[in-house]
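Structure first, commentary second.
The values are calculated or read from the model by the stated rules, or taken from the named source; none is laboratory data. Source: prediction; values computed, not measured. Here Cβ is always computed from backbone atoms with ideal geometry, including for glycine, and neighbour counts include all displayed protein chains.
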Amino acid sequence: MDLESIECVSSSDGLDEDEIHQHHNTLHPHPHPHQHHHDFSKPRSNATNNTTITGPTAIAPATSVHELLECPVCTNSMYPPIHQCHNGHTLCSTCKTRVHNRCPTCRQELGDIRCLALEKVAESLELPCKYYSLGCPEIFPYYSKLKHESVCNFRPYNCPYAGSECSVVGDIPFLVSHLRDDHKVDMHTGCTFNHRYVKSNPREVENATWMLTVFHCFGQYFCLHFEAFQLGMAPVYMAFLRFMGDENEARNYSYSLEVGANGRKLIWEGTPRSIRDSHRKVRDSHDGLIIQRNMALFFSGGDRKELKLRVTGRIWKEQQNPDAGVCIPNLCS
Ligand SMILES: [Zn+2]
Ligand SMILES: [Zn+2]
Ligand SMILES: [Zn+2]
Ligand SMILES: [Zn+2]
């Protein structure tokens, strides 16, 4: 979707404060938002990594096993097959495919030599989950650590701001302040809403994203997305809600969206998707209220030249149901 082609709409025409103007999607007030205080990129800050010398007798290991298992090129942890050159310089398998058969350390021809000794050493290690500083207490054999980390409940969330190339990650409180301070999203308290989405030249636009709205209710945060895209041959608008938390918690909530005018009405009721699912994935699974453009312009009233769509909605907490299934239907099929 070509988000670059969207033009900014001036908001200086005195509209009521509930109106949400279609905005330039690449607009990012802080193109380089400062890093979160947690350093998520480096898995090596393990408890085993000795950086504190406590006394004259304490010995800092010259090179820890963990450093040996760090690829000298990309600094990621190495997993089998671990490669080495004739001079013994090691390299991860991803980097090996990138270096055109030259050892990046000594520039000699790389060949195809496995470093079995290092692979065996890795096998013997037990390491804490890399999100231990965020609260994960688990310890894993080296080779199952990665698998766990990809689904660890303590792993940070990606910024839910739609369509942007925002690479900020963090926990929910951090992301809420990031959305408010860096993306300037609309923050609302309460579980009902009534928003008007405005666009002056709706027929000229194929893809558009409106400013995200964040709702705070039941002690949780929810993101309301609204956007225009091409569904097959038909231009449509879509509104959906995402839950700022994990899938299993999202299931405790439901929401409804309603749009209509002139005696017609479209209603959507569903479970918010977790922000673990990308905004794009939710959109592509059509998991929300979809309004054909012609109908949206009909609902907008007037001469159908301008989109003025009023979307109302509500979020509520579901009764706890211990029998609720744990499986998510595959909405993408
Ligand atoms: Zn590498
Ligand atoms: Zn070498
Ligand atoms: Zn973990
Ligand atoms: Zn962001």
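Quick look at the values:
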{"quantity": "Pick from the stretch 182-196, criterion outside any strand (DSSP E or B) and of a type in the set (D, E, K, R), ranking: surrounded by the fewest Cβ atoms within 10 Å (Cβ to Cβ)", "calculated": "K184"}
{"quantity": "Complete set of residues in the stretch 86-117 that are touching a Cys at 6+ places or on another chain (Cβ under 6 Å) and in contact (Cβ under 8 Å) with a residue 24 or more places away in the chain", "calculated": "T90, C95, L110"}
{"quantity": "Condition check for E269: surrounded by fewer than 19 Cβ atoms within 10 Å (Cβ to Cβ) and in a strand (DSSP E or B)", "calculated": "yes"}
{"quantity": "Qualifying residues in the stretch 204-234 (those that are in contact (Cβ under 8 Å) with a residue 60 or more places away in the chain and outside any strand (DSSP E or B)) - the one farthest from R310 (Cα to Cα)", "calculated": "F218"}
{"quantity": "Among (1) surrounded by fewer than 17 Cβ atoms within 10 Å (Cβ to Cβ); (2) within 16 Å of ligand 4 (Cβ to nearest atom); (3) at pLDDT 90 or above; (4) on the phi < 0 side of the Ramachandran plot - the single one F154 does not satisfy", "calculated": "(2)"}
{"quantity": "Tally, over the stretch 118-151, of residues that are free of Cβ contacts under 8 Å to residues at least 60 places away in the same chain and either at positive phi or hydrophobic (A, V, I, L, M, F, W, C) (or both)", "calculated": "9"}
{"quantity": "Single residue of N201, N207 found to be more than 16 Å from ligand 1 (Cβ to nearest atom), over 27 Å from S256 (Cα atoms) and more than 13 Å from the chain's Cα centre (by Cα)", "calculated": "N201"}
{"quantity": "Subset of the stretch 237-256 [assigned to a loop (DSSP other than H, G, I, E, B) and among the hydrophobic types (A, V, I, L, M, F, W, C)]", "calculated": "M244"}
{"quantity": "Scan of the stretch 308-333 for residues that are touching a Pro at 6+ places or on another chain (Cβ under 9 Å) and at pLDDT below 90, ordered by number", "calculated": "none"}
{"quantity": "Which numbered condition L212 fails, given (1) at pLDDT 95 or above; (2) within 17 Å of the chain's Cα centre (by Cα)", "calculated": "(1)"}
{"quantity": "Qualifying positions in the stretch 271-317 - farther than 29 Å from V151 by Cα and of a type in the set (S, T, Y)", "calculated": "S300, T312"}
{"quantity": "Number of positions in the stretch 110-134 that are loosely packed, with under 15 Cβ neighbours inside 10 Å and in contact with a helix residue (DSSP H, G or I) (Cβ under 7 Å, 6 or more places away or on another chain)", "calculated": "1"}
{"quantity": "Lone unmet requirement of (1) surrounded by 17 or more Cβ atoms within 10 Å (Cβ to Cβ); (2) under 30 Å from F243 (Cβ atoms); (3) acidic (D, E) for E165", "calculated": "(1)"}
{"quantity": "Contacts under 9 angstrom Cβ, first residue in the stretch 162-181 being aliphatic (A, V, I, L, M) and modelled with pLDDT of 90 or more, partner away from ligand 3 (no atom under 16 Å from the Cβ) and in a helix (DSSP H, G or I), 6 or more apart", "calculated": "V168/F174; V168/L175; V168/H178; V169/L175"}
{"quantity": "Within the stretch 126-169, considering residues that are among the β-branched types (V, I, T) and part of a strand (DSSP E or B), the one farthest from ligand 3 (Cβ to nearest atom)", "calculated": "V169"}
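Yes or no, residue by residue, for (1) in the same structural domain as S144 (by TED's automatic domain parsing); (2) near ligand 2 (Cβ under 9 Å from one of its atoms); (3) out of contact with any strand residue (DSSP E or B) (no Cβ under 7 Å at 6 or more places or on another chain):
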{"position": "T75", "(1), (2), (3)": "no, no, yes"}
{"position": "P81", "(1), (2), (3)": "no, no, no"}
{"position": "L91", "(1), (2), (3)": "no, yes, no"}
{"position": "C95", "(1), (2), (3)": "no, no, yes"}
{"position": "L116", "(1), (2), (3)": "no, no, yes"}
{"position": "K120", "(1), (2), (3)": "no, no, yes"}
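To keep it simple, each residue is scored yes or no on (1) touching a Phe, Trp or Tyr at 6+ places or on another chain (Cβ under 6 Å); (2) more than 16 Å from ligand 4 (Cβ to nearest atom); (3) not β-branched (V, I, T).
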position	(1), (2), (3)
T97	no, yes, no
N101	no, yes, yes
Q108	no, yes, yes
L118	no, yes, yes
L134	yes, yes, yes
F140	no, yes, yes
K145	no, yes, yes
S150	no, yes, yes
P160	no, no, yes
